[in-house]
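A.B. asks: First the structure, then my questions, so here it is.
Values quoted throughout were computed directly from the atomic coordinates according to the rules given, and no laboratory measurement underlies them. For clarity, every value in this text was computed on a predicted model and none was experimentally measured. When we count neighbours, we look across all protein chains shown, and the Cβ atoms used for this are built from the backbone with ideal geometry, even at glycine.
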């Protein structure tokens, strides 16, 4: 069984990043950690990784890559994964985005210029015979 907790590796470059007034500039490379759990099924995951964000105005997208492990009732499961970050939006100093189609993230930008990101995430994953509902926290630094 493979659990896709989530993280981010978003693709780099800069075009008008953070040029909307009062919009944080989150463009570039970030290193992250995250912890997620589905309490109902006794599963917890801890991941680290990196992402590259391409921001244009108040929108961003990119790719993520992660390595990690999930602790399940039947043992440890590798949680390495990579994929797209979609629908990214910066609203002032708040970031919102999706990783794949099943994980939503929201957080705050810290510092000026932006030096940290931190917040909460939630994922709904369909296993063979059950729906897994993960929630947790994440943080990233440049």
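A.B. asks: Percent antiparallel among DSSP beta bridges with both residues in the chain, to the nearest 5?
C.D. replies: Expressed as a percentage, antiparallel bridges in the chain total about 95.
A.B. asks: Using r as the Cβ-Cβ distance of residue 71 and residue 100, and R0 as 22 Å, what FRET efficiency do you calculate, to the nearest 0.05?
C.D. replies: In this case the efficiency is close to 0.50.
A.B. asks: How big is the equivalent ellipsoid of the chain along its three axes, where each semi-axis is √(5λ) from the Cα gyration tensor, reported in whole Å from largest to smallest?
C.D. replies: 28, 13, 13
A.B. asks: So what is the relative contact order for the range 14-141, in percent, with contacts set as C-alpha pairs under 8 Å and at least six apart?
C.D. replies: Over the range 14-141, the number comes to 23 percent.
A.B. asks: For the chain, set up a Gaussian network in which alpha carbons nearer than 10 Å are linked by springs, and say which option among 78, 47, 104 fluctuates the most.
C.D. replies: 78
A.B. asks: For the chain, with a Gaussian network of springs between Cα atoms less than 10 Å apart, report the residue from 89, 120, 39 with the top mean-square fluctuation.
C.D. replies: Per the Cα network of the chain with a 10 Å cutoff, 39 tops the list.
A.B. asks: Could you identify which residue out of 29, 93, 41 has the top mean-square fluctuation in a GNM of the chain using Cα springs shorter than 10 Å?
C.D. replies: 41
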